[in-house]
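Undergrad: Starting off with a structure, shown below.
The values are calculated or read from the model by the stated rules, or taken from the named source; none is laboratory data. For clarity, every value in this text was computed on a predicted model and none was experimentally measured. Note that each Cβ is placed from the backbone with ideal geometry, even for glycine, and that neighbours are counted across all protein chains shown.
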Amino acid sequence: MSNVLMEPEQLATELDLPGRVIVDLCKPEVYAAGHIPGAVSLAFPSIVRIQAPVMGLLPDEAKLSAALSGLGITPDTHVIAYDDEGGGKASRFLWTLAAIGHKHWSLLNGGLHAWTGDGHPVTTAPSVATPSEYPVRYIGEVVADRAYILGHLKDNATAIVDARSPGEYNGTDVRAERGGHIPGAVNFDWQLGMDRDHNLRLRPAGALLPKLATLGITPDKEVIAYCHTHHRSALTFVMLKALGFDRVRGYPGSWSDWGNRADTPIE
């Protein structure tokens, strides 16, 4: 497994290394205005599936295979992903790679903000990948669906983390048929993991681990992260992996699935 986080200064010295693909998850107009040299652009909608009212589902295997192959990625490629929003989109892509058992991936810590903030150059020249062939099969080790969560609600060895805002968590900000949270879940807003004074990098372990421990989120447990679609909570997944948590899962669909049903328990 590659290092979960890669700092801009490391990437800057390794841009020409073979066997890696840098993937930009920014909007097309942001990519066109300036991106990391050699980075290929990936449209976020190509890696998520909508089945209204549920959003943020995993794409079907053929669609994901086409997206990865179009970027020139193979099962042996080291993928480095970034965006310009604090890591949510890039992390969702990396979590999706983990869901097919891809071993070598890293989040650029702080993304485009940290890259440019540290003075590294950008280019407007688009990068065109040499297509590859990536057969895709989901293996599920980092995925928690509704049935899995229902089966672990009373499991003391499992911690459920709600990465939404406090208002969404407590039900005052309702974005589905029902508001509230999954029973037993603790609230850790995804933005709490970001250090806005250091170009949206993840906060250091010394700051994050004690806070997480007070919520009962400890490395000895399996942790399930969710938000509204598993976009924000994908950063939580990557954050926990970077902190050394071995067993972390994400809930595709998240609250847009759970909160739009009449048969799921809610607090």
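Undergrad: Looking only at residues in the stretch 65-114 that are acidic (Asp, Glu) and surrounded by fewer than 24 Cβ atoms within 10 Å (Cβ to Cβ), which one is nearest to the chain's Cα centre (by Cα)?
TA: The residue in question is 85.
Undergrad: Among the listed residues 263, 257, which satisfies the condition of being among the acidic types (Asp, Glu) and buried (at least 23 other Cβ atoms within 10 Å of the Cβ)?
TA: Step by step, each of 263, 257 is checked, and only 257 is among the acidic types (Asp, Glu) and buried (at least 23 other Cβ atoms within 10 Å of the Cβ).
Undergrad: Might you check whether a residue that is surrounded by fewer than 18 Cβ atoms within 10 Å (Cβ to Cβ), of a type in the set (A, V, I, L, M, F, W, C) and assigned to a loop (DSSP other than H, G, I, E, B) occurs anywhere in the stretch 192-215?
TA: Yes, the stretch 192-215 has at least one match.
Undergrad: How many residues, within the stretch 28-64, are under 19 Å from the mean Cα position of the chain (by Cα), surrounded by 18 or more Cβ atoms within 10 Å (Cβ to Cβ) and in contact (Cβ under 8 Å) with a residue 60 or more places away in the chain?
TA: 10
Undergrad: Out of 117, 110, which single residue is of a type outside the set (Asp, Glu) and in contact with a strand residue (DSSP E or B) (Cβ under 6 Å, 6 or more places away or on another chain)?
TA: 110
Undergrad: Can you tell me which residues in the stretch 115-146 are crowded, with 22+ Cβ neighbours inside 10 Å and more than 28 Å from residue 255 (Cβ to Cβ)?
TA: Hit for the stretch 115-146 is 115, nothing else.
Undergrad: Here's a follow-up. Find the residue count for the stretch 103-131, including only residues that are touching a Leu at 6+ places or on another chain (Cβ under 9 Å), hydrophobic (A, V, I, L, M, F, W, C) and not in a helix (DSSP H, G or I).
TA: 5
Undergrad: Sticking with this structure for a sec: Output the number of residues of the stretch 126-156 satisfying the condition of being free of Cβ contacts under 8 Å to residues at least 24 places away in the same chain and within 23 Å of residue 77 (Cα to Cα).
TA: Here the count works out to 0.
Undergrad: Among the helices (runs of 4 or more DSSP H) contained in the stretch 1-91, which hold 3 or more residues that are in the same structural domain as residue 104 (by TED's automatic domain parsing) and among the aliphatic types (A, V, I, L, M)?
TA: The helices (runs of 4 or more DSSP H) meeting that bar are 28-33, 61-70.
Undergrad: Tell me which residues, restricted to the stretch 161-190, are in contact (Cβ under 8 Å) with a residue 60 or more places away in the chain and either within 19 Å of residue 148 (Cβ to Cβ) or under 19 Å from the mean Cα position of the chain (by Cα) (or both).
TA: Scanning the stretch 161-190 gives 161, 162, 163, 164, 181, 182, 183, 184, 185, 190.
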